[in-house]
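The values are calculated or read from the model by the stated rules, or taken from the named source; none is laboratory data. Just so it is clear, the structure is predicted and the values come from calculations on it, not from any experiment. Glycine also receives a Cβ, built like all others from the backbone with ideal geometry; neighbour counts cover every protein chain displayed. Note: accessible area is taken over every heavy atom of the protein model, side chains too, but ligands, DNA and RNA are not part of it. Shrake-Rupley method; radii C 1.70, N 1.55, O 1.52, S 1.80 Å.
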Amino acid sequence: MSKKPNTKPAAKRTPRPKMTHQVRIIGGQWKRTPLVVLDVEGLRPTPDRVRETVFNWINHLIDGGWSRMKCLDLFAGTGVLGFEAASRGAGQVVMVEMHTPAVRQLEATKEKLQAGQVSIVRGDALSTMQGMQARAAAGFNLIFLDPPYHQNWLAKILPACAPLLAADGLVYVESEVSLVSDTPPDWLQDWEVVRADNAGLVFYHLLQAKKLPELQA
């Protein structure tokens, strides 16, 4: 007697995000360590050449004093900016990412590197920053701000950075347009562009909050 074919439907599996390629940490103790880039819409890791330039800028401005740096990596994605800072000796790095598969990959990378100075927060960047402000969790020396393009994120996020920065703190901003302008938008009025360059369609900048003029006696 022939057996009946197995007609039970196969259990559905949640598809895993595809891994498209890798980027590498370019300096410090984890130099050349590859980081996985998931196939996720909007995930756009900072190119190696751009990171090399930016970290040279930062290293010069802080006189190599990475151990005293407290960093906030918003829209962390692969975590390549935050892990690059940690690799160079940053004392603390907080990464914020809302996409669950990306968060899991960040946690896996942290475990692989045994990066105890790195903490990972799953959440929306703006809401997380507002929560930090409410808890008076200020004092970041360096904020990485690399949001998705064409969604007006900078106008919403940059003003929220100022209360979280230490004196003379820096904000790294990556955008689809240059922020160097004689007529900056309102949300940029309180910021000074310290360094700026571009690589193709990637415009990158270091910003500092403008100092208020000293009151006359």
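Kindly establish whether Lys8 is at pLDDT below 90 and either open to solvent by 70 Å² or more (accessible area, probe 1.4 Å) or among the acidic types (Asp, Glu) (or both).
Working: at pLDDT below 90: yes; either open to solvent by 70 Å² or more (accessible area, probe 1.4 Å) or among the acidic types (Asp, Glu) (or both): yes.
Against the criterion (at pLDDT below 90 and either open to solvent by 70 Å² or more (accessible area, probe 1.4 Å) or among the acidic types (Asp, Glu) (or both)), Lys8 qualifies.
Taking Val180, is it under 18 Å from Thr46 (Cβ atoms) and of a type in the set (A, V, I, L, M, F, W, C)? The answer is no for Val180.
Filtered by the rule that a residue be assigned to a strand (DSSP E or B) and open to solvent by 10 Å² or more (accessible area, probe 1.4 Å), the range 95-111 gives a lone residue, Glu97.
Looking only at residues in the range 114-140 that are of a type in the set (A, V, I, L, M, F, W, C) and open to solvent by less than 20 Å² (accessible area, probe 1.4 Å), the one that is farthest from Ala160 (Cα to Cα) is Ala115.
Restricted to the range 129-152, and to residues there that are touching a helix residue (DSSP H, G or I) at 6+ places or on another chain (Cβ under 8 Å) and in a helix (DSSP H, G or I), the residue that is nearest to Thr100 (Cα to Cα) is Met129.
Of everything in the range 164-186, what is open to solvent by less than 70 Å² (accessible area, probe 1.4 Å) and under 23 Å from Ala134 (Cβ atoms)? Give them in sequence order.
If the condition is that a residue be open to solvent by less than 70 Å² (accessible area, probe 1.4 Å) and under 23 Å from Ala134 (Cβ atoms), then Leu164, Leu165, Ala166, Gly169, Val171 are the ones that fit.
Please indicate, with yes or no, whether at least one residue in the range 38-45 is in contact with a Ser or Thr (Cβ under 6 Å, 6 or more places away or on another chain) and either on the phi < 0 side of the Ramachandran plot or among the polar types (S, T, N, Q) (or both). Yes: one or more hits. Checked against (1) within 25 Å of Leu207 (Cα to Cα); (2) modelled with pLDDT of 95 or more; (3) in a helix (DSSP H, G or I), Leu126 passes all but condition (2).
Checked against the criteria, Arg195 counts as in contact (Cβ under 8 Å) with a residue 60 or more places away in the chain and either within 21 Å of Gly91 (Cα to Cα) or open to solvent by 70 Å² or more (accessible area, probe 1.4 Å) (or both). Scanning the range 28-50 for residues that are open to solvent by 50 Å² or more (accessible area, probe 1.4 Å) and at pLDDT 75 or above yields Gln29, Lys31, Arg32, Pro47, Asp48, Arg49.
Hey, does the range 69-87 have a residue that's surrounded by fewer than 17 Cβ atoms within 10 Å (Cβ to Cβ) and either out of contact with any strand residue (DSSP E or B) (no Cβ under 6 Å at 6 or more places or on another chain) or not in a loop (DSSP other than H, G, I, E, B) (or both)? No, there is no match, as no residue in the range 69-87 is surrounded by fewer than 17 Cβ atoms within 10 Å (Cβ to Cβ) and either out of contact with any strand residue (DSSP E or B) (no Cβ under 6 Å at 6 or more places or on another chain) or not in a loop (DSSP other than H, G, I, E, B) (or both). Among the residues of the range 147-158, is there at least one that is open to solvent by less than 70 Å² (accessible area, probe 1.4 Å), over 26 Å from Lys210 (Cβ atoms) and more than 15 Å from the chain's Cα centre (by Cα)? Checked the range 147-158: no residue is open to solvent by less than 70 Å² (accessible area, probe 1.4 Å), over 26 Å from Lys210 (Cβ atoms) and more than 15 Å from the chain's Cα centre (by Cα).
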